1. On average over all directions, what projected area in square nanometres does region A:49-174 have, based on the convex hull of its Cα atoms?
2. If you filter region A:37-106 for GluC sites (Glu not before Pro), then keep DSSP loop positions with at most 16 other Cβ within 10 Å, what is left?
3. Hey, how many Å between the Cα centroid of region B:7-62 and the Cα centroid of region B:172-240?
4. Looking only at region B:31-62, which residues have a backbone nitrogen under 17 Å from a spot 7 Å from the Cα of residue A:47 in the C-beta direction?
5. Using a Gaussian network for chain A with springs between C-alpha atoms less than 10 Å apart, which of these wobbles most: A:78, A:55, A:104?
6. Could I have the simple spin-label model distance between residue B:62 and residue A:34, label points 7 Å from Cα toward Cβ, reported in nm to one decimal?
7. Excluding same-chain pairs closer than 8 in sequence, count the lysine pairs in the protein assembly as shown whose Cα atoms lie under 21 Å apart.
8. Let me know the whole percent of all Cα-Cα pairs from region B:27-170 that are separated by more than 21 Å.
Amino acid sequence: MQTLYRTLTVAFACLCAANILAGLAPVTLGPTEWLSAVRQTTGTAQNWSMFHSIPRVQRLQLLVIASDREGNQHEFGPGLPGLQDIKPHESIRYYYTFERIFTPGGEPYRESYIRNLSRALSKANPDLVEFSIHLKVENTHPQNTRQEMSRLLERIRKSGKAAIEQKNVFGPFPIENDGAS
Amino acid sequence: MMAPVELCSMIWLRPVDSRRYALLRMAFAAVTLLHIVHLWPYRIALLCNDGMIDPLVASGSSPGFSISVFAIVATPFAVTLGFLVAASATILLAWGKLARPMMAIVFVFLLSVMQRAPISASGWDYILINLSFILLFSPLGNTWTPWNLLLKKGTLPEAQSVPRYGLILIQLQVFVIYWQTVLLKIDNYFWQTGDFMTYFMLSHHSRFPGSWVVNWQGLLDMMTYMTLLVELAIPVLLWIPRTRRIGLFLGIGFHLGIAVLGVNLGIFSIVMVSTFLAFINPWQQPREKAIQVNLQPQESCN
């Protein structure tokens with residue numbers, strides 16, 4: 001029993017150590033798909049890329065504007081459920097979430113967020129027919145090109161402005177009211 | 001020449017004082033409770049079906065299986081209940097009551113949050129999951145409570161010797177966290193040129209963002225390179241017994257700096273500093289000391 005316990009302990013420790021140390025391997029390991037599936041399932045992935053790339057966004061604000069049948073506009077917060085107003089700068093997780101939803105690669109999350117927004121707006125006011133999402137981002141380097149980056153600090157020094165404001169509008173998207181009115 | 005079996009035994013099974021695990025367990029429970037408190041305001045928005053993240057999109061976003069209790073338990077009341085259960089589990093874990101089942105509950109909770117809302121995950125979520133996975137299968141020193149370990153009050157349990165594999169795995173994890181991030185950073189243009197800290201201080205992560213930053217570029221360039229050196233040095237200094245105090249001083253100072261200069265990065269710093277406990281040994285036993293004298297180079301990671 002003691003030998004079995006010791007053997008299992010050593011086997012477990014060796015496997016865990018191999019998984020951890022593989023995080024430093026200079027080359028991609030052979031069965032990567034299988035390995036990442038196991039790592040993802042058990043939460044033991046080794047991706048420690050904290051602040052590897054430079055952050056661009058200085059401030060991010062979101063607003064949902066919906067129109068009713070008469071064309072009147074109504075403002076809502078982007079938080080779900082409840083369409084509450086949130087301050088992403090202070091709330092780091094909302095910040096991460098919104099930043100990832102509205103950047104390339106976040107399309108599946110964006111589509112489902114829009115669906116849930118539509119449902120929440122329909123519940124909040126059955127007269128609403130469509131809505132759009134207004135995203136205001138203060139970016140240090142909006143184009144994100146090497147050329148822009150090389151002149152960025154010079155631009156800030158001359159203008160005294162650290163970031164440039166960018167406005168994006170997503171939509172309009174229809175609100176399905178399930179034939180309620 | 002040492003046989004592989006003996007080598008494995010020496011690396012993983014050498015006995016250490018169970019109080020080292022007890023201290024780590026208590027620190028882990030405390031930082032996880034802090035993490036749960038931090039997550040509390042977001043729980044409905046991120047984990048309920050009516051929230052911001054679709055469960056099907058979340059489960060299909062990465063390879064492998066998505067194991068999340070919040071895929072089933074998705075109403076605001078049930079999610080809140082899940083948080084209260086996890087918070088209670090951390091308190092019981094700190095006290096060493098049903099430590100193994102409580103550690104399992106905490107692990108499942110952390111994994112469930114990450115699998116249900118991967119798009120909201122931050123670096124410290126992953127660190128906590130990895131730590132909980134290792135501790136789930138490690139000795140936990142559960143005869144010790146914070147009352148008798150830290151305050152030396154009540155009936156003190158007898159000190160036990162347990163295998164050290166859990167501590168070594170956490171030490172390795174700390175190494176890889178710091179070294180992998182340095183390896184990635186040295187390949188990046190802005191870390192190479194030293195500009196990173198300037199951009200960091202301009203971004204939403206900065207506690208004091210603004211154009212003032214560009215006038216301090218020389219200092220910030222130096223800080224960029226210092227960051228890389230410090231991240232490389234921390235695990236090595238912690239690992240070698242003679243430099244451990246310097247490692248602790250440098251590591252705590254570094255993470256204090258991150259917490260002060262960055263917004264919302266305090267929990268990350270606390271989580272990282274808590275992992276340093278896997279290196280320190282306030283209860284070195286006479287036998288361990290004797291081994292260290294005889295096997296100084298091999299023992300350096302203990």
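Read-outs: derived from the displayed coordinates by stated rules, not from any lab. Owing to the predicted nature of the structure, the values given are computational and were not obtained by experimental measurement. Here the Cβ positions follow ideal geometry from the backbone for every residue, glycine too, while neighbour counts run over all protein chains shown.
1. Approximately 9.2 nm², given one-decimal rounding.
2. Passing sites in region A:37-106 are A:70, A:90.
3. A separation of 26 Å, based on Cα centres.
4. B:57-62
5. A:104
6. 2.1
7. Going through the protein assembly as shown pair by pair, I get 6.
8. Percent of Cα pairs beyond 21 Å in region B:27-170: 46.
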